[in-house]
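Everything on this sheet refers to the single structure shown next.
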Amino acid sequence: MLDEKYIALIDDYLNGILDPEVKANLENELNDNPELRDLLSIIQLSREGIELSGKKDMIQKIHEEFINENKEVKETKKISQFKITPWWLGIAASLTLLILVGNFWINTQIDDFFEAKYMAYELPTMRSAFIEENQVLNSYRNNDHESVISLIDISSDGESNLFLAGLSHLAIGNYEKSAQFLTLIEQINSEKPNEEKLFQDEIEYYLFLLYLKLENLEQANAFYKRIIENENHTYHKSIDTIDKVKFLILRLKK
């Protein structure tokens, strides 16, 4: 069970003043302990909100509320494992305080969220999906997205080429066109068994971001749920507690 000592430890960690050995031990614990990762996210959130709002007197309340919530968890299969209440319950009071202050609410914007979570797709992780090097692949590898788009249209064959075209449209800001390409691949995948689907996790993540950017929060939420509810999803860990809070705020603001 977490206790108050971790608050000071994580504060020092975020301030970059931990002894290297202590830092390494803490990072190992963070990798193994989801409860501790949640605490890290809560402290990051509170620090960000406090920086925006200037309400430094709120930090201790936020930390104490999180600790008090976690003292009530029940032991499950192993002594070291605990069933934690839903993430939003543990920070509900703190989130309310931040929203009432106003700055955190105002400064959570779609464009900032999109920019923070967007990551260009790296080709080495998808080599097995390609039979051979080709002009489309080489153009994408060289970040020549205009060439990729000139070579592939929505009627082209092959999920791999369609996928690269969709990502190229995304890279240059053609968000609606990108969504069309990725949605087409998703439709193709829907007719295949799971083991034959190509780029399914990637499509879900990028469609989440695309619909967010297009301000279609209902569609974005559908893909968001697929990601956070599947612990084996490639991008499951890419959305942390702070991201969940920010996405909730964006949906509420919409």
Mind pulling the per residue volume of the convex hull built on the Cα atoms of the range 113-253? Å³ is fine. 112 Å³
Which of LYS192/LYS244; LYS177/LYS197; LYS225/LYS253 have a Cα-Cα distance over 25 Å? LYS192/LYS244
The range 199-254: which GluC sites (Glu not before Pro) are DSSP loop and have at most 15 other beta-carbon atoms within 10 angstrom? GLU215, GLU229, GLU231
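Where a number appears in this text, it was derived from the coordinates with a stated rule and is not lab data. Please read these numbers as outputs of a predicted model, since none were measured by experiment. Note that we place each Cβ from the backbone using ideal geometry, even for glycine, and neighbour counts take in every protein chain shown.
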